[in-house]
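Below is a structure I'd like to ask you about.
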Amino acid sequence: MRERLAISRPVEGACGETGTWRVFKPVVDREKCNSCGMCAMYCPDGVIDSEYEIDLIFCKGCGICANECPKKAIAMVREGEES
Amino acid sequence: MKNIRVLTLMPTVPDTEYIHKCTSACAGCSSDLILRHVLKAAGPDTVLVVPACCTSVLQGVYPNTSFGIPVYNVAFASAAAVASGMAAAFEELGKNTNVIAYAGDGGTVDIGIQALSGALERGTNFLYICYDNEAYGNTGMQRSGSTPLGARTTTTPGGKPHQKKDLDRIIAAHHLPYMATSCSAYPQDIVRKVEKALSIKGPKFLHILAPCPPGWRYDTAKTIEVGKLAVRSGMWAMYEREYDTLTLSGQTKAAMMKPAPLEEYLKIQGRFSGLKPDTIAEIRQSMERNLRLLKKEAEGTC
């Protein structure tokens, strides 16, 4: 019998849905956004895609995007509250 | 609108992500940010060697992993030794796979230094990246050889009484083809340095400062801000060294001409709270000495 190797396979969500950690969620103001790409470059987890949509299933809510946005187009809003 | 950032901010790297959403890194982790850009610059033909450090934890739980490239998790002291063997095997097979050892500061400055020194001396064809959060972050921020003077950790609650080990000069003494320092707040710089390092054959070393929100005790949103302050104040110098030629990076040249106040960098972090004025003076003295030496070396007068 062939021995099975203990190898982990790459999948999305290997560490669970990390979006549940979030206290504040980023909300993008499309009017102010000029698509510079700073937020996507600085996002530690790469949850901001090339259309600048933030994947809220995985976003941990660290707030780096809001802090680094040169146009201040991203606001951090407490979860459960309306923006 | 699509892919504008690829064209403007990082023209050389593709949009592909090699880290799947999401790792179990803390919110605002800069190690995660560094690794993301390192892998983007290195491409899919890469093997990562990871000793015990935050990165060995943030991959996920068996049988799943969030890393889209092969990773070898090895014992604490052996990252460079394993990478050495791996590089030799790839060479024997005639493959050009990039071997990257990705280790924390504990696994580089304290525990892994003899394996690293040996691999550098043997001329192993690999890239060693040390992401430096200046403590053993994974186990709860214990003091490491890389912790700076005056920083509070769980094992130095009154502030570390010793200076940070000057790892870069130890590495430079091995006369490498390429070594560089960088900071997580400058991903473009990291990408450029990784690409340059991987284009050179032989041992390469990259030392990247990685601000750590829970360990350095600052708000998670300020990771980039703290990293930039470290470079702008001169506490962290960014340069490249090819054999004995030293080139300062633009950010550090600017910091030498017009530095940001050191107090600003110290004040933003909780680990430097309650520093005595004479400790600040000592920190400033060693920082200025370091910059002076680097400047002399860059000018070729040292």
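Do we have residue A:59 as of a type outside the set (D, E, K, R), closer than 30 Å to residue B:44 by Cβ, out of contact with any Leu (no Cβ under 9 Å at 6 or more places or on another chain) and in a helix (DSSP H, G or I) here?
Working: of a type outside the set (D, E, K, R): yes; closer than 30 Å to residue B:44 by Cβ: yes; out of contact with any Leu (no Cβ under 9 Å at 6 or more places or on another chain): yes; in a helix (DSSP H, G or I): no.
The answer is no for residue A:59.
Also: Run residue B:111 past the list (1) over 21 Å from residue B:184 (Cα atoms); (2) open to solvent by less than 40 Å² (accessible area, probe 1.4 Å) and report the number of the one that doesn't hold.
(2)
Test of understanding: among B:78, B:56, which residue is in contact with a helix residue (DSSP H, G or I) (Cβ under 9 Å, 6 or more places away or on another chain) and either at pLDDT 95 or above or surrounded by fewer than 24 Cβ atoms within 10 Å (Cβ to Cβ) (or both)? Before you say what the answer is, go through the steps one by one.
Details: B:56 fails: in contact with a helix residue (DSSP H, G or I) (Cβ under 9 Å, 6 or more places away or on another chain).
So the residue among B:78, B:56 that is in contact with a helix residue (DSSP H, G or I) (Cβ under 9 Å, 6 or more places away or on another chain) and either at pLDDT 95 or above or surrounded by fewer than 24 Cβ atoms within 10 Å (Cβ to Cβ) (or both) is B:78.
Tell me yes or no: at least one residue of region A:21-29 is closer than 26 Å to residue B:10 by Cβ, open to solvent by 70 Å² or more (accessible area, probe 1.4 Å) and facing chain B (nearest Cβ under 10 Å).
No - not one qualifying residue is present in region A:21-29.
Mind listing whichever residues of region B:214-229 are open to solvent by 10 Å² or more (accessible area, probe 1.4 Å) and under 17 Å from the mean Cα position of the chain (by Cα)?
B:225, B:228, B:229
Which of the following residues is free of Cβ contacts under 8 Å to residues at least 60 places away in the same chain, assigned to a helix (DSSP H, G or I) and closer than 30 Å to residue A:74 by Cα: B:260, B:255, B:221? Reasoning before the result, please.
Working: B:260 fails: assigned to a helix (DSSP H, G or I); B:221 fails: free of Cβ contacts under 8 Å to residues at least 60 places away in the same chain.
Among B:260, B:255, B:221, only B:255 is free of Cβ contacts under 8 Å to residues at least 60 places away in the same chain, assigned to a helix (DSSP H, G or I) and closer than 30 Å to residue A:74 by Cα.
Which condition number does residue B:15 fail, the rest of (1) modelled with pLDDT of 90 or more; (2) at the interface with chain A (Cβ under 8 Å from one of its Cβ atoms) being met?
(1)
Looking for something open to solvent by 20 Å² or more (accessible area, probe 1.4 Å), under 25 Å from residue B:246 (Cβ atoms), assigned to a loop (DSSP other than H, G, I, E, B) and of a type in the set (Lys, Arg) - is there at least one such residue anywhere in region B:158-167? First the steps, then the outcome.
First, pick out the residues of region B:158-167 that are open to solvent by 20 Å² or more (accessible area, probe 1.4 Å): B:158, B:161-166.
Narrowing the set further to residues that are under 25 Å from residue B:246 (Cβ atoms) leaves B:163-166.
After this cut, where a residue has to be assigned to a loop (DSSP other than H, G, I, E, B) as well, the list is B:163-166.
Imposing the further condition that a residue be of a type in the set (Lys, Arg) reduces the set to B:164-165.
So far as region B:158-167 goes, yes, one or more of its residues are open to solvent by 20 Å² or more (accessible area, probe 1.4 Å), under 25 Å from residue B:246 (Cβ atoms), assigned to a loop (DSSP other than H, G, I, E, B) and of a type in the set (Lys, Arg).
Any residue that is part of a helix (DSSP H, G or I), within 30 Å of residue B:267 (Cβ to Cβ) and charged (D, E, K, R) - is there at least one of those in region B:130-137?
Restricting attention to region B:130-137, the residues satisfying the condition of being part of a helix (DSSP H, G or I) are none.
No.
Let me ask you something else. Which condition number in (1) of a type outside the set (S, T, N, Q); (2) within 23 Å of residue B:181 (Cβ to Cβ); (3) within 8 Å of chain A (Cβ to nearest Cβ) is the one that residue B:38 fails?
Result: residue B:38 fails condition (3) only.
Same structure again: Taking the condition of being over 22 Å from residue B:196 (Cα atoms) and assigned to a loop (DSSP other than H, G, I, E, B), how many residues in region B:71-102 meet it?
2
Only one of B:176, B:229 is part of a loop (DSSP other than H, G, I, E, B) and on the phi < 0 side of the Ramachandran plot; which? If you could, list the steps in order and put the result at the bottom.
Working: B:229 fails: part of a loop (DSSP other than H, G, I, E, B).
The match here is B:176.
Now for a different question. Give A:16, A:80, A:46 a once-over and let me know the one that is at pLDDT below 95 and at the interface with chain B (Cβ under 7 Å from one of its Cβ atoms). Working first, answer last.
Numbers: A:16 fails: at the interface with chain B (Cβ under 7 Å from one of its Cβ atoms); A:80 fails: at the interface with chain B (Cβ under 7 Å from one of its Cβ atoms).
Matching residue, one of A:16, A:80, A:46: A:46.
The values are calculated or read from the model by the stated rules, or taken from the named source; none is laboratory data. Since the structure is predicted, the reported quantities are computational estimates derived from the model, not experimental observations. Neighbour counts are summed over all protein chains in view; Cβ atoms, including those assigned to glycine, are modelled from backbone coordinates with ideal geometry. All accessible areas refer to the heavy atoms of the entire protein, side chains included, with ligands and DNA or RNA removed. Shrake-Rupley method; radii C 1.70, N 1.55, O 1.52, S 1.80 Å.
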